[in-house]
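Working notes for the structure below.
The values are calculated or read from the model by the stated rules, or taken from the named source; none is laboratory data. Computed from a predicted model, the values in this text were never measured in an experiment. Note that we place each Cβ from the backbone using ideal geometry, even for glycine, and neighbour counts take in every protein chain shown. The accessibility values were calculated without ligands, DNA or RNA, using every heavy atom of the protein model including side chains. Shrake-Rupley method; radii C 1.70, N 1.55, O 1.52, S 1.80 Å.
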Amino acid sequence: MSRIATTGEVLQLIRSGEATTRAEIGRVTALSRPAVTHRVNELLQRGLVVEDAEGPSTGGRPPVRLRFNAAGGVVAVASLGASRTQIALCDLAGDVIERTDLVIDVEEGPDAVLGLVMDTWEKLLEGRGPLAGVGLGVPATVEYARGRTESARVMASWTGVEIPPRIAKRFPVPVLVDNDVNVIAMGEHRGVYPDQDDLLFVKVSTRIGAGVVSSGAIMRGALGAAGEIGHIPVRDGGGVLCRCGNLDCVDSVASGTAILRTLRERGRDVETLADVTVLVRQGDAETMAVVRQAGRWLGEVIASAVNLLNPSVVVLGGDVAEMFMPLVSGVREVVYQRSTQLATRSLKIERSRLGPGAGITGCALLVIDHILDPDAL
Ligand SMILES: [Zn+2]
């Protein structure tokens, strides 16, 4: 390190295991002994670091090892879905301490939903602490810097709502809000593919959205709307009018809603995506064909994204990914046909392994990365 290392950077060294004794910190940072002591004491006082007595002995007194203290604080997180919300407390390593699910319609609006979420956090927090931060994933486009929801289509009553100030009134800690698909993408990247720095996560549920991890970080774009692939049109979609007013958006022909509509138009008795999943598992030929065609349309849009971003892995998640086989076959067929050879040479297309828990993990990491950032400490 060429300049004077900060307390935050010292914590980074301890967290990563790069330097875990005062002497090692001194060597790596070139800080003087009193400067190392000062920074380590600050971290000990804040409960972010603890001392482990036994280090490897080299004869004489073993050096005291320093360890990041994941129990030094908790973060409160919530992953809001259209009808179900996951609420949890996590430690500073992102591991879930306690989790509960609420059945609540997001359309009830921010006052009702956020009120209920905050009441739940308060209950979970009894006898625990200190609260270090709050993280939320919401099923809407989010202007990330302000935590402001933008999309009017899924959560009409949430348009233009700045969420952080509403939470900070009751919980005066850093509050971070992101699009639900971005937090899941982060959860998949860090939880399942930590070595793949370029990952595209596509959520196929009642709607379609994507989260882009580029060089290890979420790519948000100028306002935070990057990855909104649902309204990219496909070729030969049959002229379906999308709720955005355009024709043949991938959302209108390949989402869970579209699959259900197509099957019903063909006279099939399907009420929910779970019914479709059952038919796929039974190997019903017509259902498999409809899901596979949805996969092909989805593949068209993913192929363009692959050409543009060159990810090493595409992860498909959401309810519809439950129908994995025909969907992924359709996606693979088109992506390998239409993406450049170089972009697909080592490309993997996989189904989400974390499932619904990825949202909670992603929200926790969003907050932890922020509060433990060397510049923020
Ligand atoms: Zn559209």
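Only residues that are touching a Lys or Arg at 6+ places or on another chain (Cβ under 7 Å), within 16 Å of the ligand (Cβ to nearest atom) and in a loop (DSSP other than H, G, I, E, B) were counted across the stretch 213-241, and they come to 0. Can you tell me how many residues within the stretch 326-351 are surrounded by fewer than 14 Cβ atoms within 10 Å (Cβ to Cβ) and within 11 Å of Ile302 (Cβ to Cβ)? Result for the stretch 326-351: 0.
What do you reckon, is Leu263 more than 20 Å from Gly209 (Cβ to Cβ), touching a helix residue (DSSP H, G or I) at 6+ places or on another chain (Cβ under 9 Å) and open to solvent by less than 20 Å² (accessible area, probe 1.4 Å)? The answer is yes for Leu263.
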